[in-house]
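Worksheet: the structure to be examined is printed underneath.
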Amino acid sequence: LHAWYDYSGVVSSDLNRIRDKLVQLSRDLQDFAASPTFVGEETKEEIIETERHRIARELHDSVSQQLFAATMMLSAIKDQEQVEIAEPIRQQIIRVDKVISTAQIEMRALLLHLRPIGLEDRSLKQGIEQLLLELQTKIPTTIVWDLADVRLESGIEDHLFRIVQEAISNTLRHARANRLEVYLQVDESSAQLKIVDDGLGFDMDKADKVGSYGLRNIRERVTNLGGECKILSMTGKGTVLDITLPIRF
């Protein structure tokens, strides 16, 4: 019993250090992005991208590994069936396990945000499918999709792909959804991207305060492309992100 409380204290201390590290790394990234750089826009983007990848590698090599190690230690404790564990301690184990699982999901979302993959030579459909198939193996969320197989201008495809990544990252970090749906439809004049989740949702009157950073990035991308971005949500009822972009073939 004494050993468990010592171990519980170590896990709690590790989680606190992980949380502090995430906060500091986020601040570093924000400060870096906000600092003035006397270079051309393209060069500035390259510098920011390099820094994002560096932070992502640091998070993966340190925090992700610590979370994985904590998961393995908890699994070892739960597998010791011959050891009788008091019910209060068993409940603590369950709570710590849930905290670590949630932290792992949030970490994957943060890594997706910091180190997004590119389309390279793939079509938009292929890129989104690869992203969703990979996520299916890593998160306990049901993911369904229906994607039109069409080639758009490379700039539009890149922006739509980044929007999908940003939206999914936002969902993983904030929604706690059990189901995520991604749809892409294209007609002769527009492309419609719709992302639906059954998560926590939020009060639309307080939309600027809930997940505002990710949603603001999405809106800015859509606005820069001359499109329309609709966000519908209700507390406890999930969220719908509906984006329409004008296109030409």
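The length gained on full extension between Arg151 and Gln126, counted as 0.36 nm times the residue separation minus their Cα-Cα distance, comes to 7.9 nm.
Within 10 Å, count the other beta carbons around each residue, average over each peptide in 141-149, 171-179, and list them highest first.
Values: 141-149: 14.7, 171-179: 18.7.
Going by the mean number of other Cβ atoms within 10 Å, highest first, we get 171-179, 141-149.
Please compare each pair in Lys125/Lys206; Lys138/Lys206; Lys21/Lys230; Lys98/Lys138 to a cut-off of 24 Å on the Cα-Cα distance and tell me which ones are over it.
On the way: Lys125/Lys206 33 Å; Lys138/Lys206 31 Å; Lys21/Lys230 34 Å; Lys98/Lys138 15 Å.
The answer is Lys125/Lys206; Lys138/Lys206; Lys21/Lys230.
The simple spin-label model puts a point 7 Å past each Cα toward its Cβ; for Met73 and Asp14 those points are separated by 0.4 nm.
The numbers here are math on the coordinates, done by the rules we state, and not lab data. Everything numeric here is computed off the predicted structure, so don't read it as measured data. All Cβ positions, glycine included, derive from the backbone under ideal geometry; neighbour counts span all protein chains shown.
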